[in-house]
Structures are given as structure tokens and as C-alpha cells.
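We did not get these values from a lab; they are worked out from the coordinates using the rules stated. The structure presented is a predicted model; accordingly, all values stated were derived computationally and were not measured. A quick note on method: Cβ atoms are made from the backbone with ideal geometry, for glycine too, and the neighbour counts reach across all protein chains shown.
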Amino acid sequence: MNIKAKDLSKIYGSGESRIVALDRADMEIRQGDFISIMGPSGSGKSTLLHLLSGLDHPSSGSLTYDGTDIYGMKDKELSAFRRRRVGFIFQQFNLLPVLTARENIAMPMLLDGRQPDREYLAELAELLGIGGRLTHLPHELSGGQQQRVAIARALVAKPDIIFADEPTGNLDSKSGGDVMDMLERIRNQMGKTLVIITHDSRIAHRADRQFVIMDGVVTEVLMRK
Ligand code: ADP
């Protein structure tokens with residue numbers, strides 16, 4: 001899947017309180033890319049990630065997935081598109097505390113009125129090293145294990161692209177490194193596109209394409225492929 005952002009902008013407020021959170025971003029993301037977006041707090045990272053993934057609406061500009069302008073879709077159509085084609089990983093894991101790991105992983109499929117592919121779910125759990133933890137509740141798991149459950153949940157609907165918002169921000173450096181290794185392995189083995197926002201340069205430098213955002217202005221600073 002190819003994603004193209006053209007002159008994508010997001011402006012909050014007006015007059016004195018006007019903030020240009022994203023300033024005419026142009027980006028092209030190709031299937032299989034591993035992209036990092038780095039920038040200080042308040043620079044527009046989350047705004048960019050939300051716009052690229054169809055979670056928000058731009059003030060101006062366009063975003064196409066394989067030529068389809070996703071912000072031209074009706075809200076319901078856009079939600080369905082997101083559920084099926086895009087996976088998300090959050091800093092805070094966002095697991096439901098009363099559900100087991102397996103139920104958390106299956107949740108996006110159930111919300112979409114579908115049954116998870118049991119074999120695929122088991123394969124994901126093995127790949128992520130949580131096969132023996134599927135009946136546990138989130139609080140019975142370490143932070144690193146919780147994030148791996150969240151990664152499996154992001155993958156269960158077989159999306160083409162994974163967006164990760166500071167995926168290691170809540171982890172110590174060892175578990176954070178393990179989670180990054182897993183994400184890279186999944187991207188390599190499954191041919192997924194991976195877009196990560198981070199303020200950690202060690203994580204940013206693992207990506208093949210590195211972007212920096214400052215005051216809403218996005219710049220590509222390194223392209224290794
Ligand atoms: P980052 O993720 O890099 O910390 P954000 O994308 O969250 O940055 O924010 C970029 C800028 O937009 C900041 O100045 C922030 O205060 C502003 N901003 C973000 N969301 C809103 C909002 N809902 N209303 C007003 N301003 C916002």
C-alpha cells in the first residue's frame with residue numbers, strides 16, 4: 001500500500017491562539033518502509049501520526065492510500081477502513097484490564113463483527129513470545145509482555161501498516177529494545193510498513209527512513225533505501 005500526504009496541514013484555534021500543529025507536510029510511504037519520526041514534545045508528532053492513519057481530519061491538504069483520498073470517505077467508511085487496513089500501538093498499551101491477553105488481541109476483529117483467525121492468532125502469539133500468557137489478565141503481565149499483546153492486537157486484522165506512538169516510552173531500555181526487535185522482525189517477516197514516532201534517537205536510528213518534525217515542519221533527514 002502506498003500512502004501519499006500532500007500539503008497536509010492541521011491548524012488549531014484562530015487569531016492570537018492559532019497554532020499550526022502540522023505545516024504543509026508532503027510524505028510518501030511505500031509498502032514495507034520502516035519510518036521513524038522524531039521531534040521534541042509539542043512539535044506535532046502525534047498530530048502527524050493521527051492524520052497519516054486516518055484518526056483525525058486535516059485543516060487542508062490530502063492523504064491518499066493507493067490513490068484513494070481517505071478524508072473524502074464518510075466517517076463510517078473511514079472507521080471501517082482503519083479497522084481493516086491500519087494497526088496502532090500506543091505508549092500506554094491501552095489493553096482492557098478485565099479481558100485476558102487472548103481476548104484483548106481478538107477485540108478489533110470482534111468490534112468489526114468478525115471472528116479472529118485462531119491459527120493466525122496463535123502464530124502471532126508464538127512469534128511475539130506470549131504463547132504461554134494468553135489466558136492472563138494484563139496486570140499479570142510485565143510491561144514488555146503487555147506491549148507484545150498490544151502488538152498482536154494491532155496485527156490481528158492483518159493490516160498493511162502499523163503506526164506506533166512512542167511504543168517503548170513506558171518500558172525500561174531492555175524491554176524497549178526487545179519490543180523494537182519484535183516489531184522489526186514482524187515487519188521483515190510479514191512485509192508490513194512500520195511508522196514509529198519517538199523522541200528517542202536510538203530508536204529513530206533503527207529505521208530506514210528518518211524524519212524530523214520541528215514546529216509542525218516535517219523533513220526527511222535520512223533515506224537508507
Ligand atoms: P507532539 O506529539 O510532538 O508532542 P502534538 O502533535 O501533540 O505534538 O501537538 C502539536 C501542537 O499542537 C502543540 O503545540 C499542541 O499544543 C497543539 N495541539 C495538539 N492538539 C491540540 C488540540 N486538540 N487543540 C489545540 N492545540 C492542540
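Counting only alpha carbon atoms, the long axis of helix 75-85 and the longest principal axis of the chain meet at about 50°. Relative to the longest principal axis of the C-alpha atoms of the chain, give the angle of the C-alpha long axis of helix 101-111, reported between 0 and 90° and rounded to the nearest 10°. Approximately 50 degrees, to the nearest ten. For the stretch 138-180 and the stretch 13-80, what is the separation of their Cα centres, given in Å? What the calculation gives is 22 Å, centre to centre. Here each label is just a point 7 Å from Cα along the line to Cβ, and for Glu119 and Ala80 those points are 2.7 nm apart. Packing, taken as the mean count of other beta carbons within 10 Å per residue, orders the peptides 169-176, 33-40 from highest to lowest as 33-40, 169-176.
Summing charges over all other residues whose Cβ lies under 9 Å from the Cβ of Glu166, with Lys and Arg as +1 and Asp and Glu as -1, gives -1.
In loop segments of the stretch 60-149 as defined by DSSP, the trypsin sites (Lys or Arg not before Pro) with at most 16 further C-beta atoms inside 10 Å of their C-beta are Lys74, Arg114. Residue order for Ser60, Ser53, fewest other beta carbons within 10 angstrom first, comes to Ser60, Ser53.
Axis of helix 173-190 versus longest Cα principal axis of the chain: the two differ by about 90°, to the nearest ten degrees. For the chain, the calculated P(r), taken from all Cα-Cα distances in 10 Å bins from zero up to the bin holding the longest distance, is 8, 33, 36, 19, 4, 0 percent. If the segment from His139 to Ser17 were pulled out straight at 0.36 nm per residue, it would be longer than the present Cα-Cα gap by 39.8 nm.
Extension gain for the segment Ser59 to Asp181, taken as residue separation times 0.36 nm less the Cα-Cα distance, is 40.3 nm to one decimal.
Across the chain, the relative contact order, built from alpha-carbon pairs under 8 Å that are at least six residues apart, equals 30 percent.
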